[in-house]
Amino acid sequence: MLVTKQNLTSTDMNELKATGIAERIVVSSSKAPLTSRDFQNDTSIVEVGNARFGAEKIVIVAGPCSVEGREQLLETARAAKRLGVSLLRGGVFKPRTSPYEFQGLGEAGLKLLAEAREETGLPVVTEVLEPQKVDLVAKYSDMLQIGTRNVQNFALLRAVGKSRTPVILKRGMMTTIDEWLQAAEYILLEGNQNVVLCERGIRTFERATRNTLDLAAVPILRKATHLPVMVDPSHATGSRELITPMAKAAIAAGADALMIETHPTPETALSDSQQQLDLTEFADLMKELDVIAKAVGRSVR
Ligand code: PEP
Ligand code: MN
């Protein structure tokens, strides 16, 4: 049982101790105590297949924005496997700004992800949009993603918290770090400890990039929370040529994981065609990341 109380006095504390029912008493001034280093000092390791978010090896998650078909996905999955990627991504329920845009393949896409996992052995992650779909998505995938638009969909956070499937919680495009950690708290409070936080850029006045990548969030989170931290330079910049420099900067800033959108033919992609690397560009990126990771005492593969 979790007891939370603001302004706990020493009398309260003594009474609580005297009951003998408290397994552990943690005093924290954080608004999201379960995410905080007061609750757990060591960085959490979130395990998904062979990937270990929060460990020395930086976890690279790569794949297309959307699953569009068998060949597109399998070609990407094979390249990802060959290049030492740890997890395959691909959206099948797409949260599109316009209802007229491609909405994803739905369950048929989940089956393709499962097929790609079967063939390559790579675990897969995909976004879930509704609480009612959590079980379905968890049946086919190894990790769930909550996207920027749903970071404060509290019913979804609770539903994902009840599932034991690991989850990537993206930062809301308009949430502060504090609000984002409180969103993560909803998931932890329901009993799912396997949360990875993903910085994916926030809305600012700057229009040269799709969003503004808040890289300072990485060291700020590192200090505030035990949860592993990921950076997504694809959605943060919206621009193919900015992915590599920002991915390198994210590793230098201490990120535990990266999410990179990659597609065999980005120019034909049904979503986010401007921010996906083709497979050759992605292979080049991995080589550059090897160097930066080594410089900070880590590795990417
Ligand atoms: C995605 O990862 O495909 C996605 C929609 O991301 P975000 O929620 O960050 O926009
Ligand atoms: Mn995308």
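Just a few scattered comments:
- Filter result for E15 (at pLDDT below 95, open to solvent by 20 Å² or more (accessible area, probe 1.4 Å), among the charged types (D, E, K, R) and away from ligand 2 (no atom under 16 Å from the Cβ)): yes
- Residues in the stretch 80-117 that are within 16 Å of ligand 2 (Cβ to nearest atom), crowded, with 22+ Cβ neighbours inside 10 Å, among the small types (G, A, S) and in a loop (DSSP other than H, G, I, E, B): G90, G104.
- Any hit, the stretch 187-194, residues being open to solvent by less than 20 Å² (accessible area, probe 1.4 Å), assigned by TED's automatic domain parsing to the domain that holds V61 and within 16 Å of ligand 2 (Cβ to nearest atom): no
- Verdict on M246 being part of a strand (DSSP E or B) and on the phi < 0 side of the Ramachandran plot: no
- Beta carbons closer than 7 Å, at least 6 apart along the sequence or on distinct chains, pair a first residue in the stretch 87-99 that is among the aliphatic types (A, V, I, L, M) with a second that is assigned to a loop (DSSP other than H, G, I, E, B) for L87/L122; L87/P123; L88/L122; V92/V67; V92/G104; V92/L105; V92/G106.
- The residues of the stretch 50-79 that are more than 16 Å from ligand 2 (Cβ to nearest atom) and of a type in the set (G, A, S), listed by number, are A51, G54, A55, G69, A77, A79.
- Every residue from the stretch 1-12 that is open to solvent by 60 Å² or more (accessible area, probe 1.4 Å) and either assigned by TED's automatic domain parsing to the domain that holds L189 or assigned to a helix (DSSP H, G or I) (or both): S10, T11
Rundown of residues vs (1) away from ligand 1 (no atom under 15 Å from the Cβ); (2) in contact with an Asp or Glu (Cβ under 6 Å, 6 or more places away or on another chain); (3) in contact (Cβ under 8 Å) with a residue 40 or more places away in the chain, yes/no style:
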position	(1), (2), (3)
N153	no, no, no
A159	yes, no, no
T165	yes, no, no
R171	no, yes, yes
R207	yes, no, no
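- Residue tally, condition among the β-branched types (V, I, T), under 15 Å from P228 (Cα atoms) and open to solvent by 10 Å² or more (accessible area, probe 1.4 Å), over the stretch 148-186: 1
- Among the numbered conditions (1) within 25 Å of I58 (Cα to Cα); (2) away from ligand 2 (no atom under 16 Å from the Cβ), the only one that R207 does not meet is (1).
- From the list A236, A295, the lone residue that is open to solvent by 10 Å² or more (accessible area, probe 1.4 Å) and not aromatic (F, W, Y) is A295.
- Subset of the stretch 56-77 [away from ligand 1 (no atom under 16 Å from the Cβ) and surrounded by 16 or more Cβ atoms within 10 Å (Cβ to Cβ)]: K57, I58, L74, E75, A77
- Residues considered: V27, V46. Of these, the only one that is surrounded by 12 or more Cβ atoms within 10 Å (Cβ to Cβ) and under 29 Å from L169 (Cα atoms) is V46.
The values are calculated or read from the model by the stated rules, or taken from the named source; none is laboratory data. On a predicted model such as this, the values are computed, not experimentally measured, just so you know. Here Cβ is always computed from backbone atoms with ideal geometry, including for glycine, and neighbour counts include all displayed protein chains. For the accessible areas, the whole protein counts, side chains as well, though only heavy atoms, and no ligand, DNA or RNA atoms are used. Shrake-Rupley method; radii C 1.70, N 1.55, O 1.52, S 1.80 Å.
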